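All of the numbers you see were taken from the coordinates with simple rules; none came from a lab. All values reported here derive from a predicted model rather than from experimental measurement. Here the Cβ positions follow ideal geometry from the backbone for every residue, glycine too, while neighbour counts run over all protein chains shown.
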Amino acid sequence: MQHGIGPIDYAIIGIYFVFVIGVGVLLKKRMVSSEDFFLAGHRIPSWVTGLAFLSANLGAIEVMGMAANAAQYGIMTAHFYWLGAIPAMVFLAIFMMPFYYGSKVRSVPEYLKMRFNEPTRALNAISFAVMTVLMSGINLYAMALVFQLLLGWDMTASIFVSAAVVLAYTALGGLTSSIYNEVLQFFLIVFGLLPVSIIGLIQFDGWNGLVSKFKDPGFAHLWLQAGTAANPMGVDWIGLVSGLGFVLSFGYWCTDFLVIQRALAAEDLPAAQRTPLIAAFPKVLFPLLTVFPGLLALVIIPGLGSNSTTLRWDMALPLMLMKYYPTGMLGIGLTAMLASFMSGMAGNVTAFNTVWTYDLYQSYIAKDKTDSHYLWMGRVATAVGILISIGTAYLCMGFPSIMDYMQLIFSFFNAPLFATFLLGMFWKRASPWGAFWGLVLGTLTSAIHFYFTNIGTIHFTSVMAGNFWRSTIAWSVCFVATIAISMLTKPKPESELIGLCWGTTLNPEPVVLSWYKNPKVLGVIVLILTVICNIYFW
Amino acid sequence: MLDVRKPIGWLFTIYGVVLIGWGMIQPQITQIEGHNIDFNLNLIWGSLMLVFGILMNVLVYTDKTKS
């Protein structure tokens, strides 16, 4: 059974486009100040920001990349969730959110300005702006790839159509519009992809039946072969825990403004803290939607991973949709993928326009303009960000897999930044120039390491292993350099650090919350669930 | 503020109706290899989406806390 696409599927995709633009138009009336546009006016309930937090990240990487990775590396891919994302999200909620939300910053670079100094902020704002447009191109590229292969659309045409839709709804409704579409998209992903996993589980009589079909039994275990690097991913447990578990995921989830921005839109601090936690619960189960179809594809689709474009790893999930879904349902599945790419891109674009407008334009180019001027600038930045993304989509085409491309970007920008944040938030002595030079040296280390990996001086068994180790090294350099330079330079006086650093906070009256609203209780529950998953798939 | 459950509710209601309609006009039976199970995925999943869509709408219109 292999299905083709029919007119009904086009109709279903068309309905979705009408809806997202409609939401943008409805929200446009509400966008009167720049605060509305960039921070959604701080009035979004936490279940909405929580799902948006989850979905902003649920772009092409997650949906296509994780399935591809699972087909390539087995269930060890689930480490991105059960070792990486969940602990980092809990850490962000409990320990870091009080400083982000409490300091009333509008962006992550702005926090760096308050905690350290202007140059650190400028450095971070520029590198973040570069990173977001590099990332958003991935989504455009992935979308174009799927539509070219499944629908026969022209690559360039589908890049432009997708870009136009994202432009329409983000320029109209700003962050609110992005957040609304992210929530909508979350439910589409669940409904659009779940039948693949259900049908697969029936076909193989459950997990053990599928496992018995693997040629390499290591594909069914998270940790069993992680004692040495001789496992499908080519990384031992030290590399996994330090590179992925610590640096890459904490670096991403705890400092990437793309996701933090969703939490900042929440109505109060407990709601902001709950945002990553509400996201963490579905995230524990997400491997069922993303990793599992990749494992199915490995068994069901012969020749997957070969050089032909239709059978490349990235196609694992789309091919499973074609395999299992009749027309109609296929339209829903494709809409879900399309929606995830668009929201992943919109997330990058809204984060980009905020950092550009607040941290670069307002700070260095045009100070003291009217609020409506910055609102206008935000819309312009949206359009420019999307135009640049079209360019980076073509850049992305040159890489073998989107996952490798993304982790490479992260190892450059997020890995050292996490060391800066860790020291900034938890060590009062970390000085402004220590942070600045630590960040510069960490990023440089990544670049040098990448150069030597590329010319073959340093060798890794898989691209992913290289990314993990590069991140660990860049983080360590930034960490050590920041400490060393801080000891030699003048720290900020403690009076300027109130609310920005551990041990300086004027603790507000503790609010008594019922257990299901208490971030600490929620954090512990989700960690226990994660440990159970690790043990079950050991 | 536009209640986010409203667009979700309506989109899923429409999708549910479309899938059920398509499942009836053109029944496509999914058979699972090695199993004696066959079903009309559009009908089953369309019904689930419809129920979810209606549920979201019910939540919107019964919510007394909305401003």
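So how much slack lies between residue A:103 and residue A:236, counting 0.36 nm per residue of separation and subtracting their Cα-Cα distance, in nm?
Extra length from residue A:103 to residue A:236 when fully extended: 43.9 nm.
Determine, from the Cβ-Cβ distance of residue A:212 and residue A:372 and an R0 of 56 Å, the FRET efficiency 1/(1 + (r/R0)^6), rounded to the nearest 0.05.
The value I calculate is 0.30.
Return the distance in nm (one decimal) between the two label points of a simple spin-label model at residue A:525 and residue B:33, each offset 7 Å from Cα along Cα→Cβ.
4.0
Which ordering of A:490, B:6 is given by a fewest-first count of other beta-carbon atoms within 10 Å?
In increasing order of surrounding Cβ atoms, one gets A:490, B:6.
Based solely on its DSSP helices, what 222 nm [θ] is calculated for chain A when runs of n ≥ 4 H residues each add -39,500 (n - 2.57) and the sum is averaged over all residues, nearest 500 deg cm²/dmol?
Taking each H run of at least 4 residues, the total per residue is -21500 deg cm²/dmol.
What order do you get for A:312, A:429 when you list them from fewest to most C-beta neighbours inside 10 Å?
A:429, A:312
From Cα coordinates alone, what are the radius of gyration and Dmax values for segment B:5-61 in angstrom?
Looking at segment B:5-61, its Cα Rg and Dmax stand at 13.6, 46 Å.
What percentages, rounded to whole numbers, describe P(r) for the protein assembly as shown computed over all alpha carbon pairs with 20 Å bin width beginning at zero?
20, 57, 22, 1
Modelling each spin label as a point 7 Å along the Cα-to-Cβ direction, I'd like the residue A:157/residue A:513 distance in nm, to one decimal.
Placing both labels 7 Å along Cα→Cβ, they lie 5.0 nm apart.
What nm distance separates the two modelled labels at residue A:535 and residue A:461, each placed 7 Å from Cα along Cα→Cβ?
2.8
What ranking, highest mean first, results for peptides A:203-215, A:332-344 when packing means the other Cβ atoms within 10 Å averaged over each residue?
Those peptides, ordered most packed to least, come out A:332-344, A:203-215.
Roughly speaking, what is the stretch gain from residue B:44 to residue B:10, that is 0.36 nm per residue apart minus the C-alpha to C-alpha distance, in nm to one decimal?
Fully extending the segment from residue B:44 to residue B:10 adds 10.4 nm.
Could you list A:255, A:504, A:176 in order of exposure, starting from the residue whose Cβ has the fewest other Cβ atoms within 10 Å?
A:504, A:255, A:176
Mind checking which lysines have their C-alpha under 27 Å from residue A:104, skipping anything on the same chain fewer than 8 residues away?
Answer for residue A:104, where 27 Å is the Cα cut-off: A:28, A:29, A:113, A:367, A:369, A:428, A:490, A:492, A:517, A:520, B:66, listed by chain and number.
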